[in-house]
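For reference, the structure discussed in these notes is given below.
The values are calculated or read from the model by the stated rules, or taken from the named source; none is laboratory data. Fair warning: this is a prediction, and the values are worked out from it, not measured in the lab. For neighbour counting, all protein chains shown are included, and Cβ atoms are generated from backbone atoms with ideal geometry for every residue, glycine included.
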Amino acid sequence: MKKTIGLISASYTSRDFGGLTDERSYASLSYGGRYRLIDFPLSNMVNSGIDTVGVVAPYNFRSLLDHLGDGKSWDISRKVGGMYVLPGSVYGVYNSHSKFLMRDFIENRRYFERAEPANVLISGSNMIYNMDYRPFIERHEKSGCPVTFLYKTVEGDVPGMYLDVAEDGSVKKINYDNASGKKLFLDCMVVEYNFLMNFIEWFGTLDYMDIVEIMMDQLDEIGADAYEFTGYVGNIDTVEDYMRVNMELMDKSVRQELFEGDRQIFTKVQDEAPVLYRPGASVKNSFIATGCIIEGTVENCIISRGVQVKKGAVLKNCIISQSCSVLEGACVENVIADKYVTFNPGTEIKGGEKTLVIRKSQSL
């Protein structure tokens, strides 16, 4: 397989997450009480033998850089290649469809030129899946097309871009409806290096547009191929998606596909004591990270590090972030709590049809 480098776009976010993305991008959102969303595309690239990866950082980059560090946790802290944190758009992108802004490619052109690769594997950072990219890249090289898109056939009305794929695998159209076979674009593509450099030159004046949206109108001239991924995909575009995809971890088959195969999902290591369950604690169908102290009742919850659930407190159907406190007699249901939230004694908070999000550092 010819040399391939990676590029992960983490510079986009949304205002529709109830405060979860006020100080972080999609890529920094927690998952499963231990991981961040960016762990999945980054681990997929490393596990596929890609040892040079650029991460396009958002303007609110503190959370992302704190998590990534120098890349050591993913074994890409090295002298040749390694991880590069690249500057993204100054003001960020508040559009879940604009993930590959042309100006991010223009401003970071030097990253591509220094590596002199044959191909560039470009990925977003808000989809959860575990994949070996090597067959995908091999398909791209055999096709002779300058671009190969990754897709999954889905059921239902899932937000995102869809591909119209011919019998020979070529892409005829890209649009925002699923009328052409429900082939959801997974925000991932392999692009031939020389074509990418020329593309930047040809359409450089459209730096405010998404690179895929530009390609939508040029498919007849470009010639694009497609590759189908058939495994589990958790697509997070809204806060409801975020709750649903986290809760899908309760499904054993999802856990097995994501975490129990040969391809490990790496993350920043946090060394803390195991969970302490005190007498009287009751826990059912939940994931609880290290450093927690549980004295009350926890059901169908995902709880991050350092959370305290005091005696008589009840948590049901919640995502509780790092270092929150649920004090005596508090009852919390159908809630997502950001870091450092305190639920005071006797507090009763229950989310309704729409997921209730508690902002960081609130005391209720």
Among (1) hydrophobic (A, V, I, L, M, F, W, C); (2) surrounded by fewer than 23 Cβ atoms within 10 Å (Cβ to Cβ); (3) at pLDDT 90 or above, the one test that ILE76 misses: (3)
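Would you be able to say whether some residue in segment 142-161 is assigned by TED's automatic domain parsing to the domain that holds VAL120, part of a helix (DSSP H, G or I) and free of Cβ contacts under 8 Å to residues at least 24 places away in the same chain? Break it down stepwise before answering.
Taking segment 142-161 and keeping what is assigned by TED's automatic domain parsing to the domain that holds VAL120, we get 142-161.
Checking which are part of a helix (DSSP H, G or I) leaves us with 142-143.
Now restrict to residues that are free of Cβ contacts under 8 Å to residues at least 24 places away in the same chain: 142.
For segment 142-161, residues assigned by TED's automatic domain parsing to the domain that holds VAL120, part of a helix (DSSP H, G or I) and free of Cβ contacts under 8 Å to residues at least 24 places away in the same chain: present.
Yes or no, residue by residue, for (1) modelled with pLDDT of 95 or more; (2) assigned by TED's automatic domain parsing to the domain that holds ILE336:
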position: ASP241; (1), (2): no, no
position: VAL269; (1), (2): no, no
position: SER282; (1), (2): yes, yes
position: THR290; (1), (2): no, yes
position: ILE294; (1), (2): yes, yes
position: THR297; (1), (2): yes, yes
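Considering only segment 212-248, state which residues are in contact (Cβ under 8 Å) with a residue 12 or more places away in the chain and more than 30 Å from LEU196 (Cα to Cα).
First pass over segment 212-248, keeping only residues in contact (Cβ under 8 Å) with a residue 12 or more places away in the chain: 212-216, 219, 222-240, 242-243, 245-248.
Scanning segment 212-248 gives THR238, VAL239, GLU240, TYR242, MET243, VAL245, ASN246, MET247, GLU248.
Among the residues of segment 34-48, write down those that are under 22 Å from ILE336 (Cα atoms) and either touching a helix residue (DSSP H, G or I) at 6+ places or on another chain (Cβ under 6 Å) or surrounded by fewer than 20 Cβ atoms within 10 Å (Cβ to Cβ) (or both).
If we filter segment 34-48 for residues that are under 22 Å from ILE336 (Cα atoms), which is where we start, we get 34-40.
Within segment 34-48, ARG34, ARG36, LEU37, ILE38 meet the criteria.
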Mind checking which residues of segment 61-81 are part of a loop (DSSP other than H, G, I, E, B), within 17 Å of the chain's Cα centre (by Cα) and touching a residue at least 40 places away in the same chain (Cβ under 8 Å)? none
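If the requirement is being charged (D, E, K, R), more than 26 Å from GLY32 (Cα to Cα) and under 22 Å from the mean Cα position of the chain (by Cα), which of these qualifies: ARG110, ARG134?
ARG134
Pull up segment 162-176, narrow it to residues that are surrounded by fewer than 15 Cβ atoms within 10 Å (Cβ to Cβ) and not in a strand (DSSP E or B), then point me to the one that is modelled with the highest pLDDT. Let's see the steps before the verdict.
If we filter segment 162-176 for residues that are surrounded by fewer than 15 Cβ atoms within 10 Å (Cβ to Cβ), which is where we start, we get 166-168, 172-173, 175-176.
Those left that are additionally not in a strand (DSSP E or B): 166-168, 176.
On the way: ALA166: 90, GLU167: 87, ASP168: 87, TYR176: 82.
That would be ALA166.
Can you work out which of the residues in segment 82-128 that are charged (D, E, K, R) and part of a loop (DSSP other than H, G, I, E, B) is modelled with the lowest pLDDT? Before the answer, list the steps.
Initially, segment 82-128 is screened for residues charged (D, E, K, R), giving 99, 103-104, 107, 109-110, 113-114, 116.
Checking the rest, the ones that are also part of a loop (DSSP other than H, G, I, E, B) come to 99, 116.
Details: LYS99: 88, GLU116: 84.
Among those residues, the one meeting the criterion is GLU116.
Output yes when any residue across segment 258-270 is among the hydrophobic types (A, V, I, L, M, F, W, C) and more than 28 Å from ARG24 (Cα to Cα), and no when none is.
To start, the set of residues in segment 258-270 that are among the hydrophobic types (A, V, I, L, M, F, W, C) comprises 258-259, 265-266, 269.
Subsequent filtering for residues that are more than 28 Å from ARG24 (Cα to Cα) retains none.
No.
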Which members of segment 200-211 meet the condition of being outside any loop (DSSP other than H, G, I, E, B) and either in contact (Cβ under 8 Å) with a residue 40 or more places away in the chain or farther than 24 Å from HIS140 by Cβ (or both)? ILE200, GLY204, THR205, LEU206, ASP210, ILE211
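Does SER9 count as within 24 Å of ALA118 (Cβ to Cβ), assigned by TED's automatic domain parsing to the domain that holds GLU116 and either out of contact with any Asp or Glu (no Cβ under 6 Å at 6 or more places or on another chain) or modelled with pLDDT of 85 or more (or both)? Spell out the reasoning first.
Details: within 24 Å of ALA118 (Cβ to Cβ): yes; assigned by TED's automatic domain parsing to the domain that holds GLU116: yes; either out of contact with any Asp or Glu (no Cβ under 6 Å at 6 or more places or on another chain) or modelled with pLDDT of 85 or more (or both): yes.
Yes; evaluated as a whole, the condition is true for this residue.
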When segment 329-358 is examined, which residues are found to be in a loop (DSSP other than H, G, I, E, B) and either in contact with a Ser or Thr (Cβ under 6 Å, 6 or more places away or on another chain) or surrounded by 14 or more Cβ atoms within 10 Å (Cβ to Cβ) (or both)? GLY329, ALA330, ASN334, ASP338, LYS339, TYR340, VAL341, THR347, GLY351, THR355
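Among the candidates THR238, THR205, THR230, single out the residue that is exposed (fewer than 15 other Cβ atoms within 10 Å of the Cβ) and out of contact with any strand residue (DSSP E or B) (no Cβ under 8 Å at 6 or more places or on another chain). Break it down into steps so the answer makes sense when it comes.
Working: THR238 fails: exposed (fewer than 15 other Cβ atoms within 10 Å of the Cβ); THR230 fails: out of contact with any strand residue (DSSP E or B) (no Cβ under 8 Å at 6 or more places or on another chain).
None of the others qualify; the one that does is THR205.
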Can you tell me how many residues within segment 1-33 are in a strand (DSSP E or B) and surrounded by fewer than 17 Cβ atoms within 10 Å (Cβ to Cβ)? 0
